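The values are calculated or read from the model by the stated rules, or taken from the named source; none is laboratory data. None of these values were measured; they are calculated from a predicted model. When we count neighbours, we look across all protein chains shown, and the Cβ atoms used for this are built from the backbone with ideal geometry, even at glycine.
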Amino acid sequence: MLKEFKNFVLRGNVLDLAVAVIIGAAFGKIITSLVGDIITPIIGLVMGGVNFSEQAIIVGAAVIKWGAFVQTIIDFLLIASVIFIIVKAANTLKKPVPVAEPTIKDCPHCFSIISIKATRCPNCTSELD
């Protein structure tokens, strides 16, 4: 059972996923800092010098922190945008796999597999176009 677990953990997909989760968590912290420390203060200045992340409405005993919610939405949109750009860039860097020219074809008369260069089927002796 230990050997099976070792094989499972050392499989490429599991290691790739683990690396992706760790890098994703670290990247999330960077984006959160970008939003909280740079973008949100700029939005606050545009809104007249208000601290955007601390905006709230008090309804009775409840405090509705709408500013923190909007900041979280901005955070999500930025993370999604950056991931989209990275995936799009990675997809453009991938070289398409060249498609090999076919070397065989089916005889239209007997449906046997023949060379693409054949002018007569070796099986049914029919002339080919």
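Of the residues examined, residue 45 is one that is under 28 Å from residue 82 (Cβ atoms), more than 23 Å from the chain's Cα centre (by Cα) and surrounded by 10 or more Cβ atoms within 10 Å (Cβ to Cβ).
On the given criteria, is residue 44 in contact with a Phe, Trp or Tyr (Cβ under 8 Å, 6 or more places away or on another chain) and either among the aliphatic types (A, V, I, L, M) or modelled with pLDDT of 80 or more (or both)? Here the answer is no, as residue 44 does not meet what is asked.
Sub-6 Å Cβ pairs linking a first residue in the range 22-42 that is in contact (Cβ under 8 Å) with a residue 12 or more places away in the chain to a second residue that is of a type in the set (Gly, Ala, Ser) and surrounded by 10 or more Cβ atoms within 10 Å (Cβ to Cβ), at least 6 apart or interchain, are 40/53, ordered by first then second residue. If you check 82, 14, 70 for being without any contact (Cβ under 8 Å) to a residue 12 or more places away in the chain and of a type outside the set (D, E, K, R), only one passes: 14. Pairs linking a residue in the range 44-64 that is closer than 18 Å to residue 74 by Cα to a residue that is modelled with pLDDT under 85 and part of a loop (DSSP other than H, G, I, E, B), with Cβ atoms under 6 Å and 6 or more positions apart or on different chains, are 44/50; 44/51. Taken over the range 85-106, the criterion of being without any contact (Cβ under 8 Å) to a residue 12 or more places away in the chain, farther than 30 Å from residue 36 by Cβ and among the hydrophobic types (A, V, I, L, M, F, W, C) is satisfied by 93, 97, 99, 100.
Going through 95, 117, 3 one at a time, which residue ends up being at pLDDT 90 or above and of a type outside the set (Gly, Ala, Ser)? The unique qualifying residue is 117.
Of the numbered criteria (1) at negative phi; (2) at pLDDT below 90; (3) exposed (fewer than 10 other Cβ atoms within 10 Å of the Cβ), the one residue 61 fails is (2).
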